[in-house]
Amino acid sequence: MDSEKLIEKTLNDEVKKLGGWSLKLPCVYVAGLPDRLVLLPGGVVFFAELKSTGKKPNPVQKLIHKRLKSLGFDVYVIDTLELLYETLNKYLI
C-alpha cells in the first residue's frame, strides 16, 4: 500500500528530474481541485489527484474533475506508485 505522502513526494521528484514543475493547488477558493498541477517540457499540462492506495475522490472532487475534463484537461487519480509511473510515461514519447 502506497501512502498519499509517498506518492506526492515521488511525483514531485520525478517531475523535477524531467525538468518540469509539480505545483500544489491549495483549495482556497475552489473546493475539490486536484492536489497538483503538473507542467512538463513541451507545454504538457495535467492535473493529478493523489490518494493513498484504494482511496477514491469524494463527490465534490469528482465534480471538479469532470469540469476540468470538459475543458479539455487531463485529470488523473493516482493511488499507487505504479500508476504514477504509468501516467508520466504517457508523456515521455
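The values are calculated or read from the model by the stated rules, or taken from the named source; none is laboratory data. Remember, predicted model here, so these are calculated numbers, not experimental data. Backbone-built Cβ (ideal geometry, glycine too); neighbour counts: all protein chains shown. Keep in mind that these areas ignore ligands, DNA and RNA; they rest on the heavy atoms of the full protein, side chains included. Shrake-Rupley method; radii C 1.70, N 1.55, O 1.52, S 1.80 Å.
Out of residues 5 or more away from Tyr76 or on other chains, whose amide H comes under 5 Å of its own, with H placed 1.01 Å from N in the peptide plane?
HN-HN under 5 Å from Tyr76: Phe47, Ala48, Glu49.
Taking the Cα centre of the chain as origin and charging only Cβ (+1 Lys, Arg; -1 Asp, Glu), how large is the dipole, in debye to the nearest 20? If you can, show how the numbers build up before the last one.
Values: 14 positive and 11 negative charges, 65 e Å.
For this selection, approximately 320 debye.
Share of the chain's accessible area from carbon and sulfur, percent, 1.4 Å? Each step should come with its number before you reach the end.
Details: 3570 of 5930 Å².
Result for the chain: 60 percent of the exposed heavy-atom area is carbon or sulfur.
Run lengths n ≥ 4 of DSSP H only: what is the helix-derived mean residue ellipticity at 222 nm for the chain, with -39500 (n - 2.57) per run over all residues, to the nearest 500?
Details: 3 runs with 35 residues, N = 93.
Helices in the chain give a 222 nm mean residue ellipticity of -11500 deg cm²/dmol.
Accessible area per residue of the chain at 1.4 Å probe, in Å²?
Numbers: 5930 Å² over 93 residues.
Value returned for the chain: 64 Å² of accessible area per residue.
Roughly how compact is the chain, stated as its Cα Rg over 2.2 N^0.38 Å to two decimals?
Numbers: Rg = 12.5 Å, N = 93, 2.2 N^0.38 = 12.3 Å.
Relative to the rule-of-thumb radius for its length, the chain sits at 1.02.
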